[in-house]
Every structure is written in structure tokens, then in C-alpha cells.
1. From B:L203, B:L236, B:L257, B:L297, which residue is within 30 Å of B:I103 (Cβ to Cβ), surrounded by fewer than 20 Cβ atoms within 10 Å (Cβ to Cβ) and touching a residue at least 24 places away in the same chain (Cβ under 8 Å)?
2. Identify the single condition in (1) in a loop (DSSP other than H, G, I, E, B); (2) of a type outside the set (A, V, I, L, M); (3) more than 10 Å from chain B (Cβ to nearest Cβ); (4) on the phi < 0 side of the Ramachandran plot that A:Q168 does not satisfy, given that it satisfies every other one.
3. Return a yes/no flag: does region A:145-158 have any residue that is loosely packed, with under 14 Cβ neighbours inside 10 Å, more than 12 Å from chain B (Cβ to nearest Cβ), under 27 Å from the mean Cα position of the chain (by Cα) and not in a strand (DSSP E or B).
4. Looking only at region B:206-219, count how many residues are surrounded by fewer than 19 Cβ atoms within 10 Å (Cβ to Cβ) and basic (K, R).
5. Which numbered condition trips up B:V168, out of (1) part of a helix (DSSP H, G or I); (2) in contact with a Leu (Cβ under 6 Å, 6 or more places away or on another chain); (3) under 30 Å from B:L406 (Cα atoms); (4) among the aliphatic types (A, V, I, L, M)?
6. Residues to consider are A:V272, A:V286; find the one that is crowded, with 17+ Cβ neighbours inside 10 Å, in a helix (DSSP H, G or I), at negative phi and not aromatic (F, W, Y).
7. Quick check on this structure: which one of A:A46, A:A63 is over 22 Å from A:T183 (Cβ atoms) and either assigned by TED's automatic domain parsing to the domain that holds A:Y233 or at pLDDT 95 or above (or both)?
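The values are calculated or read from the model by the stated rules, or taken from the named source; none is laboratory data. Remember, it's a predicted structure, so these values are computed and weren't measured experimentally. Positions of Cβ are backbone-derived with ideal geometry, glycine not excepted, and every protein chain shown enters the neighbour counts.
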Amino acid sequence: MDSDKKKTIDRRTFLKGATSAAIVGGAAVTAGCKGKNLMNSSETFALEFQEYFKKHYRLMTQAERDKTVLRLENMARLKQDLTVDIDTTGPAPDVLYGYAFNVTRCEGYMECVKACIKENNLDRKSDTQYIRIFEMEHGQMSPDQGDGKYFHMVPRDGHFYMGVQCFQCDNPPCVKACPTKATWREPDGIVVVDYDWCIGCRYCMAACPYWGRRFNWNTPEIPTEEITTKQHYLGNRQRVRGMMEKCTFCIQRSRKGKMTACVEACPTGARVFGNLLDPDSEIRFVLENKKVYRLKEDLGTEPKFWYFID
Amino acid sequence: MKKETAKKGLIPFIKDTLVWNLSGSIGYQIYLCILVCLMLSGVYGYFIQFKLGLAATHMSNIVSWGFYISNFTFLVGVAAAAVMLILPSYVFNDKDLHKVVIIGEVVAVGALVMCMSFVFVDLGRPLQFWHLIPGIGQLNFPSSLLAWDILVLNGYLALNALIPAYIVYCHYQGREPVGKYYKPFVFISIGWAVAIHMVTAFLYQGLPARPFWNNPLMGPRFLASAFAAGPAIISLVLHVVNAATDYKIDNKIFNKLRIIIVSAAVINLLMLFSEIFKEFYFPTHHSQSAMYLFFGLEGHNSLVPWIWTAISINLVGTLILAFNPFRERQILLIPALVLLIVGIWIEKGIGLIVPGLVPSPMGEIISYSPSTVELLITLGVVGLGMFVITMLLKPALIIEKRYEDLHGIHDKDH
């Protein structure tokens, strides 16, 4: 009996040891593959090694969050010679973000797309875009019937334009799908991804009825001089290969009380963004006074993104 | 107690197993070499994929799951199919099937190893896999169906590896396995087999975003196709065992398996017909994926020849197995089994996964075919699965044969 007990304990400790050995090995491989500059490589290696073991963002204390931010900022300095400022501002009380899109006003200039790519440090190599603009013929109402690849002078006669992006659902199917809880809905309504916790299984992508998520199939490439350095941990900080990302309503801007990049860039004023809980906000005015509708209401995902017609 | 001291322990068991596995005829050695080559090609493919990321595959933001997940889905069925041998042999005490139940279990283990490997190579960040392990990571249970799938697949692997390991080890020592130590787990494994395939079906079925998958028939149809393709593969393995070893398999067993396969295949075809009827009697916007699969959309028709081939050979295979021409000489049966397996593999693999993702929710239509890297890695995983099956089966059959010769074939059930 006694020896039996001993055996099981031994086995357990052995397994524990084996698992941690595998993890350490894994960390060494991730870290080791990237050190290019010999001068910095050992320091980068140490940083990446520590990064590999960090916890899920939601389980970190503020002190731990500060530490990982410091590591990420140091890594940007060592690898790209770039000073970035990564922010961890949390949600403010009594804020729930919502968005409205004026179908009458949009003329398809795609300034929003351009601004979004710049602001959110999207991969230039694979031409990742969070926003898609669809050119629609009159009589159509759903972007899946429109043309998302138009390339000509706009606006075109007899056509109108519809923008789609992540709709920040209140009942998000992607969050339900994620096997590691790497994506969740923040209290202010933004659905975010912990980039470093995502394992890249892409189940959330299959679960999204609005095609709101983008995967990093290759290592993202952005010219260093074009990187937006005001970053948020859950927003536009630089991503690595093999993980999911998505529109976060420019969390690095909105949580500082600013408008999203797409709203700011829109030349026709077709985009409205604001706090749904603030009765004096523009978004509330639109919802109360315009005829609004949402896409695929039948799925019950409760998107916080409305379309309206003037 | 006295007896046990005379018996051989764990170390000679492992030693014997290794020796048996490595020794064999020249044909066997060549076979092992081929498997090693397959695995090496997989390692090479994975090395490229590890360097380039999943960009080395032909998957994209539209077809975000491809060949790996297709094969995974098919193989979950093969794994689940072991229950079609376990159920009759343990619950209904079928003596014939009892003789081959171990082969079914070993095939299930091999299939599960392949399943896990396919999921692993599909991960964007495989080194972060530990984020899934409860305790050190965060498993989104019970909300995520993928979390469920990870749990049920690992559980099933444990059951199907440990039950036969215990029985074979006892037989190696020349004693009867003690029923109360393993029988409860046998009964758990029967329910569990159904669970692994239902959960895998729910993985797709639970996504309202994808109307092609969001279909209540998916779970039952998964089971029906699994109970056809799985026993068909087991049947092929039995033919190999019969030809290559002195563990002889009676014709009665092949006939019983044939009946199981035909019943399941007919039910599968019936459900397929029901699905096709729903999609095409009054096509709606939600039938676009089926249109894409069966006829192509906007010139993208790469899947069309595949699905029609799948349905035709599925039908032909089922008919041959059902009517069994040339009764005594079973020359047509092996090709029929192969046809059925390939048919279900296409239909439940790439014919199920890709159309679920095309058209995208934004109406975009593209074609997908696996890249060279995907094919190499797939070959490697298949090689690994066959290797695992061989390495487990060879010693197990030697031990079983010895035990049988030693004790005579007794009708006492255990």
C-alpha cells in the first residue's frame, strides 16, 4: 500500500517536472529565435523569457501590469530603437461605448480605413484592415451583397456605401468560443483580446457573424517611422505572429476621452461615436431621433453599432 | 500473491515490447522506414511552418480553418468508432468481436494522436499551448466548446490507452484481468465515444454565424458517418493483421463488421439526402455554402469535383458492401471499404469545413486548396498515427496470441 502511494506521488512530481521543463524549453525557443542583434540579444532574450511566463492580463495586479508594460517598452527600444508609451487605462464608470454609421453621408473615400491602419499599427505586409467599406447598389441593404473591393472614383452614381468593422456585440459569440478566455467584453462594452494570451486557434473567427476579427498569419511588418507610439496594452501595441486582433474602438484614444481615428478621419461626418449612457451625447441623439437599424439582428448578438439614414 | 512473484514485471514487459516492435521481416522493416520517412517529411513541413507562421499554409482570414481541421474532424470519427466493437463485445458478450476489440481500441488511440497533432499544428502560437492547461492556464470551461473538446478527447485517449494496456499487461503475465478494475471504465468509454463526436459536432453546430454548420443534424450525422468510416478502417487494419501476422481473424468477424458499416453508411446517406433536400428544395440565402460546395459560386468551383466524387464513391462503396457480390471470394470488399473511407473523408473533411467558411459573413467567395507545407505536415501526422498504431498493435497481438495458445480459447467471459 505504502509503496503504491509513493509511486503515484513520484509519478505526479515527475509529470510536474516534465511539464515545466517543456514550458521552459518552449520559452527558450520563442526567445531564442528572435534575437538578431548580438549586442542586445541576451537582454532581449531575458525580457522575452519573462514575457513568456506572464499571466493572463485580467489576472495581473496593477504592479504586474506595470512590469510587463516596462518589459514591452524596453523590448521596443532594444529591437526597434523606438520609444513607445503603453497605457493600461481601465474602463471608466458609467461609460458604454456605441457607434453609429450614417449610410446617407458616406461616400466611400476610405479615409477611415487609412487612419485606422496608421493608428492601430496594422500589418502592412498582409494589408490588414479592421474597417471594410462596401459599395452597394440601391435596393441592397446587407453588405454581403455589396462590393468590398471597388477601386475607382467615388461616389459612384446609383450607389451608396456601408462601413463594417467589429460591432462590439453585447452578447459576443467570439468571447463564448475562446478556449483560453483570451478575449472578453470590457465593462465599457469594448471586446478586447489579450494578444499574449491568445494561442491562435481561430475559433473566435469562425464564431463571428460579422467577420470582425483578423489573424496574424505572418509576422506583422510596419515601417518603424510609421508606428504609432501612443499605445494601449489591449489596443494598438505591436502584435506578433499567430494571434488574433480586432477593432477596439481605438481603446488607446477612447479611454482618454478622444474620438476614434476613423471618426476623426471621416471627411463627410458619417461616423458617430460616443457614450451610450450619456443622455447628451451625439450617439444618443442619433439613436433617439433617427431611424436606425443593425445588421443580422436575428442572431441576438446585440451589436453596439447602428446604421442610420438621414 | 505467491503466483505474482513468479510473473514477469514491468521492466521485462517494456523490454519485450521494444524488441518485438523492432524485429520483423524485411517487409516490416521497410514499412517502418516508410513511416519514419513520412514523419520526417512532417517534421520538415512543420519546421517551415514554424519559421514562416501559418502564412505557409493557404488558409486566410476567410478560410481560417483548412486541411488540418478537416482531417481532425474526420479522425475524431475514426476514434469514436471503436465503440462499435466495444459495445457488442463487452455489453452483448460477442465472442468474435471480443477477439478484435483490442485492435479497435488501438486504432482509436492512433486516431486520437493524429487528432491532437492536427489541432496542435493548426495553432498560431503552439508554444503557448500551456495557456489551455487548467491550473497554470485558463480553460474557458464550460463556455467554449473547444474547451469541452480538449477535455473529452484527452479523456477518451486515456480510457482507450489504459484499458487495453491493463488487459494486455495482465495477459503478458499470464493472468486473467480483474473485471472490477477495468469494466467500469469500459462502460464509461462507451458513453465517452459518443461524447467525443457529439462535442466535435457541437463545435461547429453551435455557431449561428455559419448557417452551413448551424444544423441540428450535424451531431447525429457525424456519428453515422463515423460508425461507417471507423469500422471500415478497423476492417482494413484487420485484413492487414490477418495477412501479415499469425493472429488469424475469422471471416465471421469481417462479416459482422460489414453489417455494422452498411447500417451506418445507409443512415449516413439518408441524412445526407435530407440535408441536400433542405438546401436545394427552396434555396435561401443560407444555402449559399451548399451551392458553393455542390455547384460552385462565381467561378469558384474547386470543391465541386471533390464532393461529387465523394458522394458517388460513397454510394458505390455502400452498395457493394450491402450486396456483397462474389460472396465467397471477398475480392470486392477491400476496394469497397477504401471507396467508402475516401468518400467520407472528403465529405466530412474538406467538404464540411471549407464551405462552412465560404462565403464569408461579408459575402466574399474564394477557393482553397492545401499548400505543400500543409500536405507535408498532414503526411507526417498520418505517418505518426500509423506508427503509433503499429507500435501498440504488434506487441499486443503477440501477447494475445501467446495467452490464447497458453490457455486455449476459453469461452469464459472476462
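1. Only one candidate qualifies: B:L236.
2. (4)
3. Yes; the residues of region A:145-158 include at least one that is loosely packed, with under 14 Cβ neighbours inside 10 Å, more than 12 Å from chain B (Cβ to nearest Cβ), under 27 Å from the mean Cα position of the chain (by Cα) and not in a strand (DSSP E or B).
4. 0
5. (2)
6. Testing whether each residue is crowded, with 17+ Cβ neighbours inside 10 Å, in a helix (DSSP H, G or I), at negative phi and not aromatic (F, W, Y) leaves just A:V286.
7. A:A63
Residue-by-condition table, conditions (1) within 14 Å of chain A (Cβ to nearest Cβ); (2) modelled with pLDDT of 95 or more; (3) over 24 Å from the mean Cα position of the chain (by Cα):
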position: B:L35; (1), (2), (3): no, yes, no
position: B:F47; (1), (2), (3): yes, yes, yes
position: B:S60; (1), (2), (3): yes, yes, yes
position: B:D94; (1), (2), (3): no, no, no
position: B:G110; (1), (2), (3): no, yes, no
position: B:G137; (1), (2), (3): yes, no, yes
position: B:P142; (1), (2), (3): yes, no, yes
